[in-house]
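The values are calculated or read from the model by the stated rules, or taken from the named source; none is laboratory data. Here the structure is a predicted model, which is why all the values come from computation and not from measurement. Here the Cβ positions follow ideal geometry from the backbone for every residue, glycine too, while neighbour counts run over all protein chains shown.
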Amino acid sequence: MSEPLTHQHPVRPSATDRTNDFVVKFANVNGSGSASANLLFARSIIRMGVPVVARNIFPSNIQGLPTWYEVRVTERGWRGARGGVDLMVAMNPQTWDKDVEGIDPGGYLFYDSTKPMPPSKFRPDITVLGVPLTAICNRVYTDSRQRQLFKNIIYVGALSALLDIDPAVIEQLIGEQFKGKDKLIRPNIDALHMGREYALQEFPCPLPLRVRKADAVGDRIFVDGNAAAALGAVYGGATVCAWYPITPSSSLAEAFQRHCRRFRGEEERNKYAIVQAEDELASIGMVIGAGWNGARAFTSTSGPGISLMQEFLGLAYFAEIPAVVFDVQRGGPSTGMPTRTQQSDLLACAYASHGDTKHVLLLPEDPHEAFEMGAAAFDLADRLQTPVFVMLDLDIGMNEWLCRPFQWDDSRRLDRGKVMTREMLDSGMDFGRYLDVDGDGIPFRTYPGTHPTRGSYFTRGTTRDRYARYSEEGPVYVDNMERLTRKFDTAKALVPAPVERRAAEPTRVGVIHFGSTGAAMEEALEALAGRGIHLDTLRLRAFPFADTVAEFVRRHEVVFVIEQNRDAQMRTLLVSELDLDPARLASVRHFDGTPITARFIVDAVEAALPDHNVVPLRKAAP
């Protein structure tokens, strides 16, 4: 006979009602099968019409190390991490002390109470919910792997009772997850109800942290940025992908392969090429070769891959060959933090390679823009005949976000830019591969084999004149480099424009932000306004910067630049490219590898404003 299943600590109900507004964090062991259960939990809340923000925090090492999954339940629809934990599901003894310490006062601790814990392992200011998960599994299952996997489903069931999640919603999701594997559906549903019934019997359910059905999700979709960007590449006409595996970008190339198989049809299976190269150098070389030949080609990588690609990127810039690079940024330098997020490749990509180079950067803020810019990057690369970088980060790329559904205009056609055709050559048009015919810095190019006698040229990485003829004459070199500068200026009008938002009250304080910081920025603005601090904001969406960026800075006495790296790389770009007074730009930097939060931004702005002597601090003079 097994021992009675009892919990160690009674619930002390909290007086604070946090319906549809709380944070649950799961602390698990990598490789324990918890990921699918935790995702099931998050999706069940979305199915109840309540938005969530879900974030994976996982190790870059082998199985057995700690992993966390954070779910923010937010009916307001905030998209950023909040910070703090209201309910900790502590399933990893190795991280117990840290996990318990991270619970907000008045919060809850859910744990496997099969093995008694000494009182010193708990805090007096939190409520403890002990469920003997291992004991339940040992009583019901004999197979060790089943015990581990079903333990995860059992705790999801217990949480469904504690948080008032409709079990029918979870059952439906289980059915969808195991569609075509009917023999797995019933055992998982049974495990779900084991946990649910135990919690209903032992605890006063629901907790003040509860999920109430709402209609706040709307038509938004739950998708990760890598999959979205890969789909954008498909719609953008990409036919060649050459890549080398690296966290956190590998899933982008893998998603591109899935999307091609699904959307391009069986009859077109030989009309695209996906090559896993031997290293990053080979992958970018293949992309440049394909781009020279007229294909739309890309690679996906991260910071270490960008470092290795430098010389080839300089070749593509100088020889003017279209290429797209999806950079899913992570913590650096060197190996750094492969499974943590940062925005730390800005300078490396903007000026990639030696000599005077400048590259176009696109800065999506979520998976929706990752899709849009993932498609637009190929038009830009063709029009500008140059590498274009799509600057994702791990937070956008590997985490699933609730975002607007993707849209596509079926009448849209690929913009191949200035390509001289055989008919144009036959008409007698003058063809110079590096000849600027209309002052925008962009020359005409030809595809290989366009004409039997005209339009051919030798592609080289050394200096040459307007007709691609080798030359090391100083004036010829200067002429070419100045044309490349004109082309970069032309790009200002082609890349996505920044998005400006005026504060409700007049202010002389501004904020510049970009990429995934936008999720936290939205919430921070409301919190700051509630404290009487009003800010104008400008969200950057591309480099080179539009002229309106400098105008925004000059209109304000101080502008905070929010970014997720140590060295204020975006601030450096702004100062150097726009010739701004550095004293006007105050840096707010977050770089510990976790997504920036609204709390962090609010605290940083409040602390910094007095130091800048903005008069008046909270409202501009009439």
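Taken residue by residue, region 505-513 has at least one member that is out of contact with any Phe, Trp or Tyr (no Cβ under 8 Å at 6 or more places or on another chain) and at pLDDT 95 or above.
Checking the structure you have, find out if any residue of region 78-99 is under 30 Å from Ala214 (Cβ atoms), surrounded by fewer than 20 Cβ atoms within 10 Å (Cβ to Cβ) and modelled with pLDDT under 95. Within region 78-99, one or more residues are under 30 Å from Ala214 (Cβ atoms), surrounded by fewer than 20 Cβ atoms within 10 Å (Cβ to Cβ) and modelled with pLDDT under 95. Residue count for region 30-45 under the criterion of being in a helix (DSSP H, G or I) and surrounded by 17 or more Cβ atoms within 10 Å (Cβ to Cβ): the result is 11.
Identify all residues within region 212-243 that are small (Gly, Ala, Ser), within 19 Å of the chain's Cα centre (by Cα) and over 27 Å from Val52 (Cβ atoms); write none if there are none. Matches in region 212-243: Ala233 only. Criterion applied to Pro595, Pro610 was being surrounded by fewer than 18 Cβ atoms within 10 Å (Cβ to Cβ) and not aromatic (Phe, Trp, Tyr), and the one residue passing it is Pro610.
Select from region 474-531 the residues that are hydroxyl-bearing (Ser, Thr, Tyr) and either touching a Leu at 6+ places or on another chain (Cβ under 7 Å) or within 30 Å of Arg460 (Cβ to Cβ) (or both) and list them in ascending order. Tyr477, Thr485, Thr490, Thr507 - these are the residues of region 474-531 that are hydroxyl-bearing (Ser, Thr, Tyr) and either touching a Leu at 6+ places or on another chain (Cβ under 7 Å) or within 30 Å of Arg460 (Cβ to Cβ) (or both). In region 504-608, counting only helices (runs of 4 or more DSSP H) that sit wholly within it, none holds 1 or more residues that are in the same structural domain as Leu361 (by TED's automatic domain parsing) and of a type in the set (D, E, K, R).
Scanning region 572-600 for residues that are among the hydrophobic types (A, V, I, L, M, F, W, C), under 22 Å from Phe543 (Cβ atoms) and modelled with pLDDT of 95 or more yields a count of 9.
Taken over region 169-204, the criterion of being within 28 Å of Leu109 (Cβ to Cβ) and small (Gly, Ala, Ser) is satisfied by Ala191, Gly195, Ala199. One residue alone among Val169, Val128 is hydrophobic (A, V, I, L, M, F, W, C), surrounded by 15 or more Cβ atoms within 10 Å (Cβ to Cβ) and assigned to a helix (DSSP H, G or I), and that residue is Val169. Residues that are more than 14 Å from Cys241 (Cβ to Cβ), part of a loop (DSSP other than H, G, I, E, B) and of a type in the set (A, V, I, L, M, F, W, C) within region 278-337 comprise Met309, Ile321, listed in sequence order. For region 285-302, the criterion of a residue being closer than 26 Å to Arg566 by Cβ, in contact (Cβ under 8 Å) with a residue 24 or more places away in the chain, in contact with a Lys or Arg (Cβ under 9 Å, 6 or more places away or on another chain) and not assigned by TED's automatic domain parsing to the domain that holds Thr67 is satisfied by at least one position.
Looking at Leu380, Leu435, Leu425, just one residue is on the phi < 0 side of the Ramachandran plot, among the aliphatic types (A, V, I, L, M) and not assigned by TED's automatic domain parsing to the domain that holds Arg486, and that residue is Leu380. Among the residues of region 252-269, those identified as farther than 22 Å from Ala519 by Cα and surrounded by 20 or more Cβ atoms within 10 Å (Cβ to Cβ) are Ala253, Ala255, Phe256, Cys260. Glu473 meets all of the listed conditions (1) modelled with pLDDT under 95; (2) exposed (fewer than 12 other Cβ atoms within 10 Å of the Cβ); (3) of a type outside the set (Gly, Ala, Ser) but one, namely (1). Scanning region 544-574 for residues that are polar (S, T, N, Q) and touching a strand residue (DSSP E or B) at 6+ places or on another chain (Cβ under 8 Å) yields Thr548, Gln564, Asn565, Gln569. Evaluating Leu209 against the criteria (1) assigned to a loop (DSSP other than H, G, I, E, B); (2) surrounded by 20 or more Cβ atoms within 10 Å (Cβ to Cβ); (3) under 22 Å from the mean Cα position of the chain (by Cα) leaves one unmet condition, (3). Does Asn56 qualify as being in a loop (DSSP other than H, G, I, E, B) and either closer than 23 Å to Asp393 by Cα or in contact with a Leu (Cβ under 9 Å, 6 or more places away or on another chain) (or both)? When the stated conditions are applied, Asn56 does not pass them. Selection of first residues in region 173-198 that are of a type in the set (D, E, K, R) and of second residues that are buried (at least 20 other Cβ atoms within 10 Å of the Cβ) and modelled with pLDDT of 90 or more, restricted to Cβ pairs under 7 Å at least 6 apart or on distinct chains, gives the following pairs, ordered by first then second residue: Arg196/Gly157; Arg196/Ala158; Arg196/Ser160; Arg196/Ala161.
Annotation note: of Gly532, Gly510, the sole residue that is more than 21 Å from Glu369 (Cα to Cα) and buried (at least 21 other Cβ atoms within 10 Å of the Cβ) is Gly510. Within region 379-408, residues that are basic (Lys, Arg) have Cβ atoms under 7 Å from residues that are part of a helix (DSSP H, G or I) and modelled with pLDDT of 95 or more in these pairs: Arg404/His368, counting only partners at least 6 apart in sequence or on another chain. Among residues of region 142-166 that are farther than 13 Å from Ala37 by Cβ and in a helix (DSSP H, G or I), those with a Cβ under 7 angstrom from a residue that is at pLDDT 95 or above and basic (Lys, Arg), sequence gap 6+ or separate chain, pair up as Ala161/Arg196.
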